[in-house]
1. By how many nm would the segment from Ser166 to Arg111 grow when fully extended, if each residue of separation counts as 0.36 nm and the alpha-carbon distance is taken off?
2. Based on Cα coordinates alone, diagonalise the gyration tensor for the stretch 162-306, multiply each eigenvalue by 5, take square roots, and list the semi-axes in whole Å, largest first.
3. Using a 1.4 Å probe on the protein chains only, how many percent of the accessible area of the stretch 55-200 belongs to carbon and sulfur?
4. Given bins 5 angstrom wide, list per bin the percent of all Cα-Cα distances in the stretch 240-306, short to long.
5. Below 8 Å between Cα atoms, with a sequence gap of 6+, how large is the relative contact order for the chain in percent?
6. Can you give the Rg to Rh ratio for the stretch 58-97, taking only C-alpha atoms and Rh from Kirkwood?
7. Are there trypsin sites (Lys or Arg not before Pro) in the stretch 1-90 that DSSP marks as loop and that have at most 13 other Cβ atoms within 10 Å, and which are they?
8. What is the spin-label model distance, in nm, from Val143 to Ala11 if the labels are put 7 Å beyond Cα along the C-beta direction?
Amino acid sequence: MQPLLGREELATILRRYFVQGDRSPDVVAPDMPPADVDPAVIDELLARPDLHDADYRVFGHFRDPRSTILDVGANFGYSATSIWRAGAAAAVVSFEPIPTYAPVLAALGDRLNRPSRRAWLDRWRRRKRHEFHNVGISDEEGVLEFHLPVLNGDRINSALTTAYGSPDIESYVENTLFFARANGIDIRSLRMHAFRARVTTLDSWVSSRVSKVDLRNIVAVKIDTEGYEGHVLAGAQTLLRRHRPLVMAECGHSIPLVGDIMRRHGYVALQRDGDRLAICESPSGVNAFFGHVQHFASYRAIGLMA
């Protein structure tokens, strides 16, 4: 049996892959592993009483069913379902490039958009609650190479999938160990699987009008793309000007490009306190929130800000 891998061993493997460009068989997984969940997980996610991340409590204030939240880096749907479990009535559009999660996210849409027995009334009243696009989001259209960690030969750590070629190795190691502890996994091997996927920009996607969801009121954008958050926002400049949505970007306060784009568009940093947000000069935590000053009055009206 292979020995357990600790921080140093994991860091060495990741440096070989990301820094040295090593593509030896002990570093690279040539084939895409199977998904670690199947569509049956949707009912479990929708029924859970808790949120996968307390930061998602803020989305519960978006109770207008005519509004929309964009979920960039959707994984297998736990972020979208947490948004609704927090109390949001907004529609959610999910973007995820990992191909093996496409059936799961498609099943989520089928489950939530299922018509009632009064189909004629649905056509008039019913609004689509979820939409999924099997595509990555970037600062330009094209094809990107994504990097997916594989533990013990067959367990994917999809939450750390990234198109960013120079991730912070220390953080990547810590997040890998956190995932292993949370799932009861003893890490005996770590290899990276590279796959290529189509990417677009949020601005291009909106202007293409391919969506069947009402996009007249995009109230929030959640971004979890493992270091690629700035590129996502760079491709959403028109969206930011027109809608000024609340932005939640993982580690956004430590990514210079994120801060630059937010300031340029009149946004300020916010910090979560319970289910509310407040202006903060030095935000902390995993997720960074940014709000546009012109929306502060409406945020106070719905209880999102004090």
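1. Numbers: separation 55, 0.36 × 55 = 19.80 nm, distance 3.78 nm.
Gain on stretching Ser166 to Arg111: 16.0 nm.
2. Values: eigenvalues 170, 89, 41 Å².
Largest first, the stretch 162-306 gives 29, 21, 14 Å.
3. Working: 2900 of 6360 Å².
That share works out to 46 percent.
4. 4, 19, 31, 26, 15, 5, 0
5. Values: 579 pairs, mean separation 59.8, N = 306.
The normalised contact order for the chain reaches 20 percent.
6. Values: Rg = 9.5 Å, Rh = 9.9 Å.
Computed over Cα atoms, the ratio is 0.96.
7. On the way: sites: Arg7, Arg15, Arg16, Arg23, Arg57, Arg63, Arg66, Arg85; in loops: Arg23, Arg63, Arg66.
In loop regions of the stretch 1-90 (DSSP not H, G, I, E or B), the sparsely surrounded trypsin sites (Lys or Arg not before Pro) are Arg23, Arg63, Arg66.
8. Placing both labels 7 Å beyond Cα along the Cβ direction yields 3.6 nm.
The values are calculated or read from the model by the stated rules, or taken from the named source; none is laboratory data. Predicted model only: the values in this text are computed from it and were never measured. Virtual Cβ from ideal backbone geometry, glycine too; neighbours counted across all protein chains shown. The protein model used for the area step is the full one, side chains on, heavy atoms only, and it has no ligands, DNA or RNA in it. Shrake-Rupley method; radii C 1.70, N 1.55, O 1.52, S 1.80 Å.
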